[in-house]
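Contents: one structure, followed by commentary.
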Amino acid sequence: MAVAETFSLSETDSQEISALIKAGFYTSKSDLAKDALRCLFTHKPQLKINAAIQLYKEGIVSLGRAAEVAGINTVDFRKILIERKTLKTLKTRKRDLSKGLALVKRIRK
């Protein structure tokens, strides 16, 4: 679900946006903003990767979903995380490992 955001624009920017909508190039400010973001990410793809890294670091998305956001495969995204020293490390307690191992052994029987 998208959340409405508000931000400030200069009077000239607001007038230009309104003019584009009135001229029929966009149906709403939202459509214009979506197109502007698509153009931004097309011309500056590194921003999309940086956004994906931030979402991953904050735990908002999984590694796989972050790679999708970045527009690259999981292996390449993981390499970028390693290069930037951003890859999360899993902290597993010894007791949890023992329980998991015992479960695997029971299943194999």
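Just so you know, all these numbers are worked out from the coordinates, no wet-lab data involved. Just so we're clear, the structure is a prediction, and the values are computed from it rather than from any experiment. Here the Cβ is made from the backbone with ideal geometry for all residues, glycine too, and neighbour counts use every protein chain on show.
Counting only residues that are over 24 Å from the mean Cα position of the chain (by Cα), among the aliphatic types (A, V, I, L, M) and surrounded by fewer than 10 Cβ atoms within 10 Å (Cβ to Cβ), the stretch 1-42 holds 1 of them. Can you report the number of residues in the stretch 44-75 which are loosely packed, with under 13 Cβ neighbours inside 10 Å and of a type in the set (Asp, Glu)? So the count comes out to 1.
Per the conditions (1) outside any helix (DSSP H, G or I); (2) out of contact with any Phe, Trp or Tyr (no Cβ under 8 Å at 6 or more places or on another chain), the sole criterion not satisfied by THR86 is (2). Within the stretch 54-70, is there a residue that is without any contact (Cβ under 8 Å) to a residue 24 or more places away in the chain, among the β-branched types (Val, Ile, Thr), farther than 26 Å from GLN15 by Cα and in a helix (DSSP H, G or I)? The answer is yes, given that some residue of the stretch 54-70 is without any contact (Cβ under 8 Å) to a residue 24 or more places away in the chain, among the β-branched types (Val, Ile, Thr), farther than 26 Å from GLN15 by Cα and in a helix (DSSP H, G or I).
Results for (1) in a helix (DSSP H, G or I); (2) not hydrophobic (A, V, I, L, M, F, W, C), shown as yes or no for each residue.
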{"site": "LEU20", "(1), (2)": "yes, no"}
{"site": "TYR26", "(1), (2)": "no, yes"}
{"site": "PHE41", "(1), (2)": "yes, no"}
{"site": "LEU47", "(1), (2)": "yes, no"}
{"site": "ASN50", "(1), (2)": "yes, yes"}
{"site": "ILE72", "(1), (2)": "no, no"}
{"site": "ILE82", "(1), (2)": "yes, no"}
